[in-house]
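Okay, structure first, notes after.
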Amino acid sequence: MAQPEPKLRVLIPAEQIQARIKELGTQIERDYPNDPLYLIAILKGACFFLVDLARTIQRLTHIDFIGISSYGKGKTTSGEVKLTKDLDASIEGADVLVVEDIVDTGITLTYLIHVLEQRKPRSIRIAALLDKPSRRLRPIQVAYTGFQIPDQFVVGYGLDYAENYRNLTNICVLEEG
Ligand code: 5GP
């Protein structure tokens, strides 16, 4: 039998996303007195945010990517996390800004920050485009948040469902049938 088509409802339109990223970029630019700022995106979802954010920061930046798997293909994190792709370079003594698409339970970032802190960066902070605070299981400090959203599964602007929808410019709620 044919599956019902999922419906997409726009939650945050593209213009609003870009305007907020510009504000975050201005704030980040002011907060970091030293060059370079080391931006690390968590694959794959945060790449879109990193690219747009980096272009709003008028100072020397380095970019790198890290891969994390949370053992899940559905809409929830399994709670088990492992590194699937490491950084290309050392971050010792660097000012690191971890760029994430969405903070949900906080399990992924808690793990990642623990891994990165062992590499002795000078500072480490988090920028997350979206935050679902009601879902938090681990306390995590997010220095730069784009939008707080309710507990709904969202796609677009890097976020996927089974690898689909990452290229949408709006952030949408995925509603069944
Ligand atoms: P956490 O470890 O904080 O529970 O989960 C973070 C990761 O879960 C995100 O990087 C993202 O991959 C995934 N995630 C959490 N909420 C959503 C959501 O609403 N939509 C999508 N597409 N992924 C989500």
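The values are calculated or read from the model by the stated rules, or taken from the named source; none is laboratory data. Note that the coordinates shown come from a computational prediction; the quantities given were computed from them, not determined experimentally. Here Cβ is always computed from backbone atoms with ideal geometry, including for glycine, and neighbour counts include all displayed protein chains.
Starting from residues that are surrounded by 14 or more Cβ atoms within 10 Å (Cβ to Cβ) and in contact with a helix residue (DSSP H, G or I) (Cβ under 6 Å, 6 or more places away or on another chain), keep the ones in region 127-151 and report whichever is modelled with the lowest pLDDT. Talk me through it step by step, then tell me what you get.
Residues of region 127-151 that are surrounded by 14 or more Cβ atoms within 10 Å (Cβ to Cβ), as a first pass: 127-133, 135-136, 140, 142-147, 149.
Next, only the ones that are in contact with a helix residue (DSSP H, G or I) (Cβ under 6 Å, 6 or more places away or on another chain) stay: 129, 140, 144, 146.
Working: 129: 98, 140: 93, 144: 98, 146: 98.
Taking the candidates together, the pick is 140.
Which number in (1) on the phi < 0 side of the Ramachandran plot; (2) among the aliphatic types (A, V, I, L, M); (3) surrounded by fewer than 18 Cβ atoms within 10 Å (Cβ to Cβ) marks the one condition that residue 162 misses?
Only one criterion is unmet by residue 162, namely (1).
With a cut-off of at least 1 residues that are farther than 27 Å from residue 9 by Cβ, away from the ligand (no atom under 11 Å from the Cβ) and among the aliphatic types (A, V, I, L, M), name the strands (runs of 3 or more DSSP E) lying wholly within region 68-177. Full working, then the answer.
Values: elements: 82-85, 95-103, 123-131, 144-148, 171-175.
Here the list reads 82-85, 95-103, 123-131.
Consider only pairs whose beta carbons are under 9 Å apart and that are at least six residues apart or on different chains; among these, list those whose first residue lies in region 30-51 and is closer than 14 Å to residue 169 by Cα and whose second residue is modelled with pLDDT of 95 or more and assigned to a helix (DSSP H, G or I).
49/17; 49/21
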